[in-house]
Every structure is written in C-alpha cells, then in structure tokens.
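The values are calculated or read from the model by the stated rules, or taken from the named source; none is laboratory data. The structure displayed is predicted, hence computed values, not measured ones. Note: ideal-geometry Cβ built from the backbone for every residue, glycine included; neighbour counts use all protein chains shown. Accessible surface is based on the protein model in full, side chains and every heavy atom, while ligands, DNA and RNA are left aside. Shrake-Rupley method; radii C 1.70, N 1.55, O 1.52, S 1.80 Å.
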Amino acid sequence: MSALLLTPALAGAKDIVHSFVKYQLNHQFWAEGATFGDFNHDGITDVASGPYWYEGPGFTNRHEFYPADTTFKHKKADGTEEALPGFEGAFGVNNAYSDNFFAFTYDFNHDGWPDILTYAFPGKEAAWYENPRGREGHWQKHVIFEVVDNESPTFTDINGDGKPEIVCCSGGCFGYAEADWKNPAAPWKFHPITPKGDYQRFTHGLGVGDVNGDGRMDIIEKDGWWEQPQSLASDPVWIKHPYPFATRGAQMYVYDVNGDGLNDIITSIDAENRRLSLSIKDLEPNAWDRFVSEHNPGDVVRGKIARFANFGAFVELDDNLEGLCHISELSEERVEKPEDVVQLGQEMEFKILRIDAENKKIGLSARAVGKNEVIVDTKVYSSQAGSGMASLGELADFGLGKPEPETRQEAQPEPKSEKAPEDKPEPAGGAEPATEAVGKAEPASEPETAPEAVSEPGPGPVAATEPNTAPEEAGEGSEAQPEGESK
C-alpha cells in the first residue's frame, strides 16, 4: 500500500509547497481501504489496512486483527503457478478486488479504545472490529449492516445527533444506517431518503455536506443533491435538486472553495477517466426563483413525465424544475395507477394549480388544461384552510372556486362577522393539511385523502437524466468485476 498526498492552494491561502514522505507498508494487496488511529494507546498514530494494523511512527511492526488467510494463484514467467498471500489485484490479469473497500476508525462501545469499521466488497456487509485493549489476537467482529451499496459510501454524522452513520445506497435507495447506541453491535436500521430507483452496489458518486447553508447535512450524488428536511420523523423523502455534477463520480465533497460564503461541490467527473470537477454555487437567482417570478396558478406549462409514485406523477418542467401531478389530476376518469394513463418521457401540457414558495413545491393538473376553472392562489387558500392542499373540486366546494348553486346559497345562514373566521365552513372531510400536489376531489361516496407529506420527494428541480444505471449484477460470479472499476 502506498499514498501520495497533494495539498492544493485553497481560497485565500498562499501557495505553499508541501513535501511528504511515502511509506510502503506491505508488498501484498489486502485492501482498497485504510484508516488510522492510536490503536495501542501509546500516544502515536497507527495505520490500519486490510487485516493488519501497523504501529507508528515507523509502521514496520504489524498486528493481524482479523484472519489474513486469502491467497491467489500467480502464474510465473516459466508457466508454473505459485500461491501468494492476499488478493490478486494488479498482480494478475483478472482485475480482482479485495473484500475490504473502506475502513474507518471509531470507538463504538465507548471504552476509550478506537475500533475499526470496514465496508467489504460493494453490496456486501459492514462490520466493526472491537479493539481488545492491548491484548494480541484477532478482534471480535460485529456485522452491523448487511448490504452497503455504492462505490463511495462514507461514515459521518448526517442526522445531527453527534454520532456517525453509514451513508450509502441500499435496497435501491440512497440513505443512512443508524445505530442503537445502547447496543452498537446490533444490526443498524436503514433510513431511505430517496424514492426507490436504480441505485445499486456499483452506483458511482456520493458525498455529504451542508450545500445550502441551513445547518443540516445534505447528500450529494452525481445527478444532484438531496436536501435534508427540518424533521426526519417517519423517514421523509428528501427534496432533490438536480444538477449534472458527474457522469460516474466517486467521493464528493462540499466546501467553500472561492470564499464567497456559498458551499461548492468538488467531485470527479468520471471515476474511470480521472477527471476532476469543481461546481461553484451561483449567486444569481436560481431556477426556482425565476419560475416563481414568471408563473402563477392557472398558467399552462409544458412538462415531461419523469417518474411515478403511487400518488401521482412527477413532471420535469423548464430549468430542470419538478412538479407533481396528483393521480386524480391526470385524467377525468378514475385512475388506479399513473402509468395507466401516461408514460415516462411523455410530453404534455399541465395547468399550474399551486405554487408553494415556502416548501418549493408545484402542484399540476393535466385534467384541468383547456377548462375554464377558477384557480385559487395558495396564499388565498392557506388563509382559510391552513397550509394544506386541495383539489379544484374541493376548492369549489369550499366556496373559493366556481360559485355555489342558487339553491345552496339560499340555504346558507346569515353571513358571520369578520371577527369569527373560525366559523367558516370546512371542506367535505375536513381538508387535512398535506404538502403534496393538488388532487381532484372524488365523489362523496369515495372520499380522496391527500397523500402523507412524508411520501412525497417534493418538487425541487429534477434531473433530465435517469439515476445511475450501472450494469445489473450478473450473479455471484461477477463480483470481482464491477462495471468500469479500475485500480
């Protein structure tokens, strides 16, 4: 294992030339990952890579903390084979990898001795090894998470509780695995932060940082960033802000490079071709601000069906913004599934029902296009029915859309004074606040309930490209050959 560290001049810093000393710890290939810590409590930093940790400061005295029993067959120049310790890696022609891709140091059981966390091959488990506090021998292994997907997972505090989490993909979603710190050796719980997609073990690109400066950590991927909401209760889907940061990224970082007070994104563009990118956050008005200033409820816009949810279809608008057309606003007919009436990539017109500037959400309707129905601005509706969302039909029933028939008007009681707004009639079923896009009212015999807020990713901007689509797994035999990965 070897390392070459280069320190660039950052914003406002003088150009300083730094020199480094390279130590080759081992001539065998045991791991892609490495970490460091004072593992023997002698006050000097040590290094761990693969099944060994090496005592600092010389790093020549090594200790095996899990079994180093892997070998591979190496063909010599004369055609004969020999068994060599470790993994094949660049010693052969099979592009074989190790079973230790990442390593981190943390005191999991809070006994004052640093332990070692490893992520195995992509799609495999995460486990931490318990420091025996100075005793020789193998460290006790605790498998805490079964499937760590993505080629750039990390280990950091993402939810603000002061404890680190495993940040990765798993089960087709980006998310994080959280420990029960009363028993950190027990399996950790995964919290998805995105809808289920094509994210898998060889997905490229992942980072964590506060992109928008709101004090909460966000997740960055190659196609944009996911904004952490104010509350993580009930595992809400985070708001996606699409941006083409990379084609196949690797580790991604958030840092104010140019010193303008806005955090920027540092990433590789293509992990295989070793291209680096720096995305400077724009000081000019963003796409959302432009959209809000140029559009109002009732406007008709063109959009493309980007993806489906059980409660409707997400629509890609201009400037890579995203709106939601509730399932009841897709057609005049009752719709069981959005894909029954629209197709992915289909371009069509939508009427804007609602622009929620505070939560950055856009409610759309395909059903209302071409109809002369009154569209009520969300501020008007919110002042009388809270912050919820209602359909055109509900708005009409509420007295904010088309006028009531004369017979119903005659049955109305005398108008209340302006001092009693609480006595205003509620919509049928009690317009429950919801933050999803507008839904069409169903007949009274079949009341429609707005979807729960936590199930909507929220219409931040949407990327025109699909999520990372690395080749699907070809079975266990393909594990040693991830798509595009090179050493």
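Quick rundown of the values:
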read-out: Three-way shape call for segment 54-175 based on the alpha-carbon gyration tensor, with the a/c threshold at 1.5; value: oblate
read-out: Accessible-area order (highest first, 1.4 angstrom probe) of the listed residues I193, I44; value: I44, I193
read-out: Segment 98-228: proportion of alpha-carbon pairs further apart than 23 angstrom, %; value: 32 percent
read-out: Rounded if a/c under 1.5, otherwise prolate or oblate - segment 220-274, Cα gyration tensor axes; value: oblate
read-out: Segments 147-155, 62-70, 161-169 sorted - mean Cβ within 10 Å per residue, highest first; value: 147-155, 161-169, 62-70
read-out: Segment 307-360: GluC sites (Glu not before Pro) in DSSP coil with no more than 14 other Cβ atoms inside 10 Å; value: E332, E333, E336, E358
read-out: Given K304/K337; K196/K222; K196/K360; K304/K361, the pairs whose alpha carbons are separated by over 19 Å; value: K196/K360
